[in-house]
Amino acid sequence: MNLAILTLHYGYNEGAMLQAWCLARSLSNAMPEHALQAELFDHRYPHKQRMYGKPTTARKQAMTFFLERQLPLSTEHICDDSHIESFRRLDARYQGIVVGSDEVWRVDYSRAWLGLMVRQEGKWTPAFPNLYWPDSTISAPKASYAAANGDLCDYTTIPKHDRRRMHRILSDFVYLGVRDHKTLAYLEWLGKDLAERAEITPDPTFSHDVIGDVDRQQLRRRLERAGMDYSRPRLGLVMWEDVPEVDEAIAQLQAQEYQVVVLNGHHPRADISLSDLDLSPPEWAATFGEFNLCFSQRMHGCIFSLLNNTPLVGIEVHQNPLGHPTKMRDLLQQMQLLDFYHDCSATNPITLAERSERARTAWPEDAVRDRCTLMRQRSTDAIRRIVDLTAAAAPPELLLDHRQLT
């Protein structure tokens with residue numbers, strides 16, 4: 001039995017690659033009596049490929065190597081702005097489809113001519129319908145795992161005919177797993193029956209140990225050669241925006257001899273940047289364990305701080321336009337760690353500097369370890385349900401056709 005995963009697996013984003021890798025590994029490892037093999041269906045959108053550009057830095061080359069050599073990609077490689085041919089091949093080859101994780105259900109509608117004309121022109125968002133909405137032209141059972149719609153998505157702009165079509169597609173899924181409460185609200189807006197069936201499932205990076213096989217000693221030698229100073233406390237910084245309150249907190253830490261290390265991007269107050277170091281995605285994830293404290297604006301930066309049990313402050317800069325909790329707040333709320341969440345876009349009772357001091361002195365190490373274990377168990381249970389429900393729903397003729405093909 002073969003499952004195809006439709007997710008965001010390409011582009012220069014370590015978190016996206018790792019969530020795809022973990023989901024594929026976890027699905028393949030689950031319930032071996034089903035002889036399940038999961039792979040990433042390798043459809044890429046040309047306009048996104050052009051925006052990503054060529055792998056011109058050591059970091060991008062390391063991620064490209066991981067993408068091409070480590071991810072379980074399908075033998076089908078399609079680069080097309082249309083999903084029609086991909087749906088035809090998915091229908092012919094697979095006995096189940098899993099959509100997600102990540103922001104696969106993000107939409108970007110805008111209105112013109114006094115609201116009479118609706119457009120979809122988001123440069124990072126393929127227009128609906130797209131690959132991540134497999135419809136009835138694919139006969140195999142479909143499920144979603146930790147699917148999301150993104151922090152900045154305003155789904156109320158979706159026109160009625162697309163809303164009805166989305167509802168019809170998702171109604172056919174045997175299992176609906178979403179990553180956060182704002183995506184659950186999205187499903188409820190599409191139809192209450194969808195929300196009643198849906199479950200919140202952890203990001204798949206909780207499901208499989210991506211850092212256990214990393215050679216820590218070798219990693220530390222490489223980080224030292226890149227300028228990491230192990231004689232000083234180190235702040236890991238994952239920010240792509242310059243925020244005055246963050247600058248002030250960094251300045252206070254530097255006054256206490258902290259070395260500020262940027263892991264992605266650049267920051268004017270950083271002491272060194274690892275942005276162009278040729279770290280593989282698992283090595284990137286393990287690097288969060290080399291910090292004494294982390295400030296992260298990225299959700300996967302938060303997740304890998306948690307999995308390394310590194311004291312963390314999750315930093316928010318933008319809010320959801322509909323008032324839903326962002327993915328970072330949702331994550332830290334599920335982990336019972338809202339004391340370590342800081343919203344720079346709102347008035348706060350304490351400063352970021354005070355919150356970082358709390359993270360350094362009152363980080364609940366044992367509780368974080370236990371909650372990560374619980375997230376892994378929740379993920380394992382959900383993935384097992386997907387496997388069982390997909391196997392039960394697959395028509396016998398699909399299984400027969402697969403045996404004849406193999």
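The values are calculated or read from the model by the stated rules, or taken from the named source; none is laboratory data. Note that the coordinates shown come from a computational prediction; the quantities given were computed from them, not determined experimentally. Positions of Cβ are backbone-derived with ideal geometry, glycine not excepted, and every protein chain shown enters the neighbour counts. For the accessible areas, the whole protein counts, side chains as well, though only heavy atoms, and no ligand, DNA or RNA atoms are used. Shrake-Rupley method; radii C 1.70, N 1.55, O 1.52, S 1.80 Å.
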### Query
Based on the mean of other beta carbon atoms within 10 Å per residue, what is the order of 205-217, 76-88, 4-16, most packed first?
4-16, 205-217, 76-88
### Message
Compute, for the chain, the length of the dipole vector about the Cα centre, with Cβ point charges of +1 (Lys, Arg) and -1 (Asp, Glu) only. Units Debye, rounded to 20.
### Response
600 debye
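How charged is the neighbourhood of Thr183? Take every other residue with its Cβ under 14 Å from the Cβ of Thr183, and add Lys/Arg as +1 and Asp/Glu as -1. Don't jump to the answer; show the numbers that get you there.
Numbers: positive: Arg106, Arg179, Lys182, Arg197, Lys327, Arg329; negative: Asp102, Glu103, Asp151, Asp154, Asp180, Glu188, Glu199, Asp203, Asp330.
With Lys, Arg at +1 and Asp, Glu at -1, the net is -3.
Express in nm, to one decimal, how much length is gained between Leu389 and Gln336 on full extension, taking 0.36 nm for each residue of separation and deducting their alpha carbon distance. Can you show the working numbers first?
On the way: separation 53, 0.36 × 53 = 19.08 nm, distance 3.08 nm.
Result for the pair: 16.0 nm of gain on full extension.
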### the range 198-257 - Debye-derived log10 I(q)/I(0), Cα point model, q = 0.26 Å⁻¹
-1.06
### Task
Evaluate the distance, in nm, between pseudo-label points positioned 7 Å from the Cα of Asp276 and of Glu196 along their respective Cα→Cβ axes.
5.7 nm
### Message
Could you sort the peptides 375-383, 97-105 by per-residue average Cβ neighbour count (10 Å cutoff), highest mean leading?
### Response
97-105, 375-383
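In whole percent, how big is the carbon plus sulfur part of the accessible area of the range 1-151, probe 1.4 Å, protein atoms only? Don't skip to the end; give the middle numbers.
Working: 3070 of 6080 Å².
With neighbouring chains kept in place, the figure for the range 1-151 is 51 percent.
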### Task
Mind checking which lysines have their Cα closer than 16 Å to the Cα of Lys60? Skip sequence neighbours fewer than 8 apart in that chain.
Lys48
### Task
Could you pull the Rg and Dmax for the chain, using just the Cα atoms, both in Å?
21.5, 68
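Determine how many Å³ per residue the convex hull of the Cα atoms of the range 204-306 encloses.
On the way: hull volume 9.6 nm³, N = 103.
Convex hull of Cα atoms, per residue: 94 Å³.
If the viscosity is 1.567 mPa s and the temperature 4 °C, what translational diffusion coefficient in µm²/s does Stokes-Einstein give for the range 246-307 when Rh comes from Kirkwood over Cα pairs?
Numbers: Rh = 12.3 Å.
For these conditions, the coefficient is 105 µm²/s.
Over all alpha-carbon pairs in the range 67-169, figure out the percentage whose distance exceeds 15 Å. Write down the numbers at each step before the final one.
Details: 3621 of 5253 pairs.
Beyond 15 Å sits 69 percent of the P(r) for the range 67-169.
From the Cα trace of the range 349-393, what convex hull volume per residue do you get, rounded to a whole Å³?
So the per-residue hull volume is 93 Å³.
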### Query
Using alpha-carbon positions, what is the distance between the centroids of the range 190-211 and the range 21-99, in Å?
20 Å
### Task
Give me the percent of DSSP beta bridges within the range 10-143 that run antiparallel, rounded to the nearest 5.
40 percent
### Query
In Å², what does the accessible area per residue of the chain work out to with a 1.4 Å probe?
43 Å²
#### Entry: Whether the range 317-374 is rounded, prolate or oblate, judged on the alpha carbon gyration tensor where a/c under 1.5 counts as rounded
oblate
### Query
Between Leu152 and Glu68, 0.36 nm times their residue separation minus their Cα-Cα distance comes to what?
27.2 nm
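If r is the Cβ-Cβ distance from Ser136 to His181 and R0 is 22 Å, what FRET efficiency results, to the nearest 0.05?
On the way: r = 29 Å, r/R0 = 1.31.
Efficiency computed from Cβ-Cβ geometry: 0.15.
Estimate the FRET efficiency between Asp172 and Asn348 by the formula 1/(1 + (r/R0)^6), using the beta-carbon distance for r and 51 Å for R0, to the nearest 0.05. Could the numbers behind the result be given before it?
On the way: r = 44 Å, r/R0 = 0.87.
Calculated transfer efficiency: 0.70.
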### Query
Computed over the Cα atoms, what is the radius of gyration of the range 250-406 divided by 2.2 N^0.38 Å, N being its residue count?
1.35
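Suppose the chain between Asp81 and Thr361 were pulled fully straight at 0.36 nm per residue; how much longer would it get relative to their current alpha carbon spacing?
Values: separation 280, 0.36 × 280 = 100.80 nm, distance 5.06 nm.
Going from the current span to full extension adds 95.7 nm.
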### Message
Using a 1.4 Å probe on the protein heavy atoms, what percent of the accessible area of the range 161-238 belongs to carbon and sulfur?
### Response
41 percent
### Cα pair distances of the range 128-213 binned at 5 Å [whole percent]
3, 13, 23, 25, 18, 9, 5, 3, 1, 0
### Summary
For the range 1-134, the Cα gyration tensor yields equivalent-ellipsoid semi-axes (√(5λ), largest first, whole Å) of 27, 20, 13
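Can you say what percent of the DSSP beta bridges in the chain, counting only those with both residues inside, are antiparallel? Round to 5.
Expressed as a percentage, antiparallel bridges in the chain total about 10.
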### Query
Which value in nm describes the separation of the simple spin-label points at Ala226 and Leu322, placed 7 Å from the Cα toward the beta carbon?
3.8 nm
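Which percent of the accessible area of the range 264-384 is formed by carbon and sulfur heavy atoms (probe 1.4 angstrom)? Before the final figure, lay out the partial values.
Working: 2130 of 4710 Å².
Of the solvent-accessible surface of the range 264-384, carbon and sulfur hold 45 percent.
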